[in-house]
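See below for the structure under consideration.
The values are calculated or read from the model by the stated rules, or taken from the named source; none is laboratory data. Not measured: the values here are computed from a predicted model. A quick note on method: Cβ atoms are made from the backbone with ideal geometry, for glycine too, and the neighbour counts reach across all protein chains shown. To get the accessible areas, we keep the full protein, side chains included, count just its heavy atoms, and leave off ligands, DNA and RNA. Shrake-Rupley method; radii C 1.70, N 1.55, O 1.52, S 1.80 Å.
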Amino acid sequence: DAHLMKVLGEQLIASEKVGVLELIKNAYDAGASFCKVKIEQIPNLPALAESGKLFEDVGGPIITIEDDGKGMDKDTIENGWLRPASTMKSNIKEIMKRERKKAIEENKLGAYDSLIASLKNEHGGRLPLGEKGVGRFATHRLGKKMELITKTKDIDYEYVLKIEWDKFDTLETTQHIDLDSIGISLTRRNPTRDYGLKGSGTKIIISGGRDGYEWDKEKIIDINKMIK
């Protein structure tokens, strides 16, 4: 049922802080050297001068999370980011869990350490933090609309994924609508930003906010401390 998105989102993402952190984890897992988090258009707080015209037709708050990670191709978007509990990253975690248990039983933790070193080497010195699928629930928790812009280094265009989460939330209780009956938009276009030396990256723009989840100065300062 389409309402499943709201139910799972509220259970998996406990707060705005958790939602932002999950999206930062995705950037980390993508091998990003930076992840920029910007929160704009918040009532009762000063607006950034350069953001005025950019978000004229979009309701705030506007949360933008941008990185220079490896980006996503069409297959990764459809079968990873858009598929709950995808095994794309969880397989690595399962291998680690299984091998650690085996190493403890056989008293061969040295072999496990070698495995970890090998996995880190294969993934740019990092082990996965996030779970594929949870990032999508985080974007749902943070706003009513989402636009994901991503590019990999081997293509000369970027993909744009647009989802209107409020279409999943405003259904009448008497209706029974399947999840796949609500359309989403995945298109491609010429790059709209400089992807740097890596030639890849992902940018997520979340807008509209959520009723009952108001942003204020204290909450933003708390998130800033958490990120640091």
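Counting the residues of region 24-43 that are farther than 19 Å from G124 by Cβ and open to solvent by less than 30 Å² (accessible area, probe 1.4 Å) gives 2. Only residues that are touching a residue at least 24 places away in the same chain (Cβ under 8 Å), in a loop (DSSP other than H, G, I, E, B), of a type in the set (A, V, I, L, M) and farther than 14 Å from I204 by Cβ were counted across region 14-45, and they come to 2.
Can Y195 be described as in contact with a Gly (Cβ under 7 Å, 6 or more places away or on another chain), within 19 Å of K70 (Cβ to Cβ) and at pLDDT 95 or above? The answer is yes for Y195.
Among the residues of this structure, V7 counts as one that is over 16 Å from the mean Cα position of the chain (by Cα), modelled with pLDDT of 80 or more and either open to solvent by 80 Å² or more (accessible area, probe 1.4 Å) or under 19 Å from F137 (Cα atoms) (or both). With the condition kept exactly as written, say whether any residue in region 132-150 is modelled with pLDDT under 85, assigned to a loop (DSSP other than H, G, I, E, B) and open to solvent by less than 50 Å² (accessible area, probe 1.4 Å). Yes; the residues of region 132-150 include at least one that is modelled with pLDDT under 85, assigned to a loop (DSSP other than H, G, I, E, B) and open to solvent by less than 50 Å² (accessible area, probe 1.4 Å).
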